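Nothing in this text is a laboratory measurement; each read-out follows from the coordinates by a stated rule. Worth saying up front: this structure is predicted, and the values here are computed from it rather than measured. A quick note on method: Cβ atoms are made from the backbone with ideal geometry, for glycine too, and the neighbour counts reach across all protein chains shown.
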Amino acid sequence: MELQVRDARVTDVARITALIASASEPSESGSRQDDVADLLRQLVYLPNATILVAVRGREVVGAAMLSLRPSVRAGGLVGSVDMVTVDAEHTDEGVDDALLAEALRSARNKGCVAVEAEPPLGPLGPWTRIGFIEGRHRLVLNNATHRSPA
């Protein structure tokens with residue numbers, strides 16, 4: 001079944017929250033999940049945030065969020081990949097690659113001069129394949145040297 005990556009809708013928030021919760025420590029409380037859901041509902045409508053979902057059939061199997069911030073040091077807008085989460089049953093299907101590629105396309109379209117991310121807990125494979133390198137305390141992708149994956 002084909003994978004589609006699209007902008008998230010408010011109706012996707014419950015599933016995104018469930019994906020985030022399944023990837024989090026089991027000790028995190030339900031009230032934190034409510035806070036995450038409330039924040040996601042707000043961010044869906046903000047122009048300086050892009051929430052993406054990966055959909056296989058009718059099921060949301062992954063999500064990512066790109067936020068934008070101005071930076072004098074970087075010389076323009078900097079995109080920050082704040083979250084990438086994939087359903088455990090779909091981790092080997094390229095969902096994270098598709099979400100990252102779409103987040104980077106969105107960043108380029110919005111004029112970002114760089115994209116950064118906190119290093120993921122797992123393997124760096126999808127990140128380094130796209131061109132992220134280890135920065136000071138984050139992974140950094142300079143759009144000037146970025147090559148699209150083949």
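What does the C-alpha gyration tensor say about the overall shape of the stretch 1-82? Classify as rounded when a/c is under 1.5, otherwise prolate if a/b is larger than b/c, or oblate.
oblate
Using a 7 Å offset from the Cα along the Cα-to-Cβ direction at both GLN4 and VAL72, what is the distance between the two label points in nm, to one decimal?
About 4.5 nm, to one decimal.
Find how much the distance from HIS90 to ALA37 grows on full extension, using 0.36 nm per residue of separation minus their present alpha carbon separation; answer in nm with one decimal.
Result for the pair: 16.9 nm of gain on full extension.
May I ask you to list the residues of the stretch 47-70 whose amide nitrogen lies under 13 Å from a point 7 Å from Cα along the Cα→beta-carbon direction of THR11?
From the stretch 47-70, the list is 58-60.
Using the Karplus curve 6.51 cos²θ - 1.76 cosθ + 1.60 with θ = phi - 60°, work out ³J(HN,Hα) for each residue of the stretch 67-78 in order, rounded to whole Hz, and write x for Gly and Pro.
Each residue of the stretch 67-78 in turn: 10, 10, 9, x, 9, 5, 4, 7, x, x, 6, 10 Hz.
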